[in-house]
Amino acid sequence: MLGLNKRDFTLLLIVIALAGLAPFLLNPFPEGSAMAQFNAGYPDLMQKFVIYGIFAIGFNILFGLTGYLSFGHAAFLGVGSYSCVWMFKLLGYNVMPGILLSILTSGIFAYLIGVVSLRRSGIYFSILTLAFAQMSFALAYSVLSNPKFNLTNGETGLQVYSNDPQWLHSADKPDLPHLFGLSMRATHEMQLGAWEFQFNVGYYLCAVIMVAAFYLSIRIFRSPFGMMLRAVKSNNTRMYYTGLNARPYTLAAFVISGMYAGLAGGLLSAVDPLAGAERMQWTASGEVVLMTILGGTGTLIGPVLGSGLIKYFENIFSKINDSVLHSWFSFLPDGMEDFMVTIVHPFVGKGWHLTLGALFVLIVIFLPGGLVQGGQKIRGLFTGRTEAEQAAADANQSTPAE
Amino acid sequence: MGILEVKNVNKRFGGLQALGNVNLSIRENTVHAIIGPNGAGKSTLLNVLIGKLIPDTGSVMFDGQSVLGRQSYEICQMGISRVFQTPEIFGDLTVLENMMIPIFARRDGAFQMNVIGAATNEKTIIEQAEHVLESLNMADKRYFHSASMSRGDKRRLEIGMCLSQNPRLLLLDEPTAGMARADTNNTIDLLKQIKDERDITIAIIEHDMHVVFSLAERITVLAQGSPLVEDTPDKIKGHPKVREAYLGESA
């Protein structure tokens with residue numbers, strides 16, 4: 001269906017279901033209960049889940065298929081964000097032109113960086129992309145924000161001011177990002193017993209785009225183009241001695257993944273119309289690498305899972321402070337309680353990076369294929385088949401249907 | 001006039017004269033072996049033939065066109081295919097996909113980069129790939145992870161991938177290096193079969209005399225960077241200069 005084989009179609013349906021039902025799935029604990037702080041079903045965080053999901057899906061098209069590890073993808077995210085805010089400033093708060101422009105500009109930007117960076121492979125490619133991203137960051141942070149030519153508004157971040165032209169803005173439209181009049185912040189709240197679920201316009205717009213992006217990525221993975229990209233990763237020498245110049249393929253993959261990053265950046269601005277240079281910093285580039293590896297490089301759904309996990313840690317684990325810990329361990333005698341809190345303290349709250357780092361180490365050592373491989377192992381426990389057998393069965397199933 | 005003409009090729013690496021005044025002509029539709037002891041310059045010569053190394057002097061012409069300074073994919077597009085010492089295949093891909101890529105690259109008689117609009121072609125390409133695999137007796141292995149196969153099967157696949165593009169010249173660099181005897185014999189049989197069935201020129205660089213004497217129609221002996229003799233296998237066998245080069249003066 002839709003040009004997909006049965007397995008991929010099932011996967012797409014799963015992603016649609018996860019994205020559609022996220023407000024329920026991420027709010028499993030009733031309001032006011034002790035576990036309620038683990039609920040992630042509020043609009044702000046759900047938007048981040050899907051937006052960074054798009055970012056990681058795009059990154060995986062480059063890294064997962066061609067094996068070229070870009071350390072500068074945040075630059076495209078930033079370019080996308082700035083483009084979208086500029087559309088808000090010039091045209092008005094409708095998000096559509098902003099999102100389209102962010103895809104376009106980041107595509108051009110990726111082409112320019114890709115042409116230069118792809119002259120080298122391996123670690124040199126990574127360093128080149130990192131250098132370009134850091135230059136872009138420096139440009140955005142200081143150079144392009146002088147009073148004569150203020151493109152990025154420097155440290156403050158680019159935002160919409162009341163004296164901006166906004167040529168297409170009219171009084172009947174909301175004074176916030178909107179989709180043809182439907183405000184991004186509009187949220188429908190639903191009370192079901194002790195539970196409260198929130199349905200947010202911004203989230204569902206991002207979710208629909210994420211599903212479309214995911215569908216496109218499946219098509220790319222299964223296409224002859226995807227096969228060529230996997231061939232580049234597998235053996236570049238044989239590629240060249242087959243009469244194929246690998247560069248146009250890798251450049252196309254680089255531009256496509258840059259456009260995905262730009263789309264994600266545009267959506268970040270669409271749900272919150274403020275773009276800062278820190279989005280381009282190398283930590284942001286590193287984060288998307290972590291997401292992809294955690295979830296499973298080269299797998300379809302891995303990057304989505306990885307980005308979800310990291311954003312969950314960043315937003316939920318970081319909120320567990322000492323008073324929360326004291327309430328958890330209050331059943332213990334006083335001395336023991338303080339002792340437990342001292343032990344757990346470095347791993348939560350501001351120390352969430354420590355837990356994430358440890359988890360990353362464990363996953364890379366024991367599950368090199370990421371969370372997806374973990375899922376396969378669990379499936380193997382039930383079906384009694386090894387991963388290799390499953391992979392062979394999958395290949396047998398999927399290839400003739402192509 | 002041979003299909004491949006090497007004239008006055010010299011190549012120095014620092015103080016080492018790797019190739020000195022090499023003249024070589026490979027005639028069309030023959031199997032031409034290049035042999036020589038270690039350090040004779042066989043690999044350097046091969047790298048010159050495929051344009052990877054540019055010689056200090058001299059020319060290498062394939063069918064009237066110079067190969068020097070060309071990218072490897074351009075050389076392949078001219079009609080020169082190369083089989084490597086260790087089989088270079090797409091190890092992460094299945095055997096069928098391995099076979100599809102060269103057929104994708106050269107479809108409808110010409111090399112094409114475009115794969116985006118190729119989805120409609122995909123079915124015919126899969127059929128062609130399966131056909132080639134059948135002729136190699138590898139059809140039952142088509143969904144195998146190609147890296148998991150034996151050395152002999154990898155070699156078979158690699159040769160099949162090269163041949164699927166209908167090259168005019170097939171360069172083989174020690175095609176049986178590191179292989180079990182049975183695999184070696186299979187490879188020899190495959191190459192004999194190719195020689196009988198197709199109009200193709202084969203240049204082969206080899207250590208194993210068993211392989212050389214079962215296949216070659218012409219043999220060039222290389223020693224210390226220069227061709228020593230060039231003749232038919234029968235004459236090479238007892239040639240005193242060849243014995244000397246391989247075994248040293250005392251023999």
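The values are calculated or read from the model by the stated rules, or taken from the named source; none is laboratory data. Note that the coordinates shown come from a computational prediction; the quantities given were computed from them, not determined experimentally. Neighbour counts run over all protein chains shown; Cβ positions are idealised from the backbone, glycine included.
Values for this structure:
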quantity: Residue within region A:218-226 that is surrounded by fewer than 24 Cβ atoms within 10 Å (Cβ to Cβ) and farther than 26 Å from A:ASN5 by Cβ present; calculated: no
quantity: Single unsatisfied condition, B:ARG27 versus (1) surrounded by fewer than 22 Cβ atoms within 10 Å (Cβ to Cβ); (2) within 14 Å of chain A (Cβ to nearest Cβ); calculated: (2)
quantity: Within region B:97-124, considering residues that are outside any helix (DSSP H, G or I) and within 8 Å of chain A (Cβ to nearest Cβ), the one farthest from the chain's Cα centre (by Cα); calculated: B:VAL115
quantity: Set B:LEU228, B:LEU171, B:LEU191: member being within 21 Å of B:LEU49 (Cα to Cα), touching a residue at least 12 places away in the same chain (Cβ under 8 Å), in contact with a strand residue (DSSP E or B) (Cβ under 8 Å, 6 or more places away or on another chain) and surrounded by fewer than 21 Cβ atoms within 10 Å (Cβ to Cβ); calculated: B:LEU228
quantity: Check on B:ILE194, within 14 Å of chain A (Cβ to nearest Cβ) and of a type in the set (Val, Ile, Thr); calculated: no
quantity: One residue from A:TYR42, A:TYR141, A:TYR93 being at pLDDT below 95 and touching a Pro at 6+ places or on another chain (Cβ under 7 Å); calculated: A:TYR93
quantity: Tally of residues being part of a helix (DSSP H, G or I) and within 28 Å of A:SER269 (Cβ to Cβ) across region A:18-63; calculated: 29
quantity: Qualifying helices (runs of 4 or more DSSP H) (wholly inside region A:270-351; at least 3 residues being among the small types (Gly, Ala, Ser) and buried (at least 16 other Cβ atoms within 10 Å of the Cβ)); calculated: A:282-295, A:302-315
quantity: Members of region A:240-266 found to be of a type outside the set (A, V, I, L, M) and touching a residue at least 60 places away in the same chain (Cβ under 8 Å), listed by number; calculated: A:ARG247, A:TYR249, A:THR250, A:PHE254, A:SER257, A:GLY258, A:TYR260, A:GLY262, A:GLY265, A:GLY266
quantity: Search result, residues across region A:243-261 that are within 14 Å of A:MET227 (Cα to Cα) and polar (S, T, N, Q); calculated: A:THR250
quantity: Flag for B:THR57 being surrounded by fewer than 20 Cβ atoms within 10 Å (Cβ to Cβ) and either more than 7 Å from chain A (Cβ to nearest Cβ) or charged (D, E, K, R) (or both); calculated: yes
quantity: Subset of region B:46-78 (residues that are within 17 Å of B:GLY2 (Cα to Cα) and small (Gly, Ala, Ser)); calculated: B:GLY58, B:SER59, B:GLY64, B:SER66
quantity: Region B:195-225, residues that are surrounded by fewer than 18 Cβ atoms within 10 Å (Cβ to Cβ) and within 17 Å of B:PHE84 (Cβ to Cβ); calculated: B:HIS207, B:ASP208
quantity: Selection count where residues are part of a helix (DSSP H, G or I), without any contact (Cβ under 8 Å) to a residue 24 or more places away in the chain and not polar (S, T, N, Q), scope region A:360-381; calculated: 11
quantity: Residues satisfying the stated conditions in region A:345-367, i.e. modelled with pLDDT of 90 or more and in contact with a Gly (Cβ under 9 Å, 6 or more places away or on another chain); calculated: A:ILE363, A:VAL364, A:PHE366, A:LEU367
quantity: Residue pairs meeting the criteria (Cβ under 6 Å; at least 6 apart or on separate chains; first free of Cβ contacts under 8 Å to residues at least 60 places away in the same chain and within 14 Å of A:GLY92 (Cβ to Cβ), in region A:176-196; second part of a loop (DSSP other than H, G, I, E, B) and among the charged types (D, E, K, R)); calculated: A:GLY181/A:LYS173
quantity: From A:THR237, A:THR187, A:THR242, residue being buried (at least 24 other Cβ atoms within 10 Å of the Cβ) and among the β-branched types (Val, Ile, Thr); calculated: A:THR242
quantity: Single residue of B:ALA177, B:ALA147 found to be closer than 19 Å to B:PRO37 by Cα, surrounded by fewer than 23 Cβ atoms within 10 Å (Cβ to Cβ) and either under 14 Å from the mean Cα position of the chain (by Cα) or within 14 Å of chain A (Cβ to nearest Cβ) (or both); calculated: B:ALA177
quantity: Qualifying residues in region A:12-26 (those that are of a type in the set (A, V, I, L, M, F, W, C) and buried (at least 16 other Cβ atoms within 10 Å of the Cβ)) - the one nearest to A:PHE199 (Cα to Cα); calculated: A:ALA22
quantity: Test set (1) closer than 26 Å to A:ARG120 by Cβ; (2) under 12 Å from the mean Cα position of the chain (by Cα) - A:MET210 fails condition number; calculated: (1)
quantity: Residues being small (Gly, Ala, Ser) and farther than 18 Å from A:PHE76 by Cα - total across region A:134-160; calculated: 1
quantity: Where a residue in region B:81-96 is facing chain A (nearest Cβ under 7 Å) and under 19 Å from B:ALA139 (Cβ atoms) and its partner, wherever it lies, is crowded, with 20+ Cβ neighbours inside 10 Å and of a type in the set (Asp, Glu), with Cβ under 9 Å and at least six apart; calculated: B:ILE89/B:GLU158; B:PHE90/B:GLU97
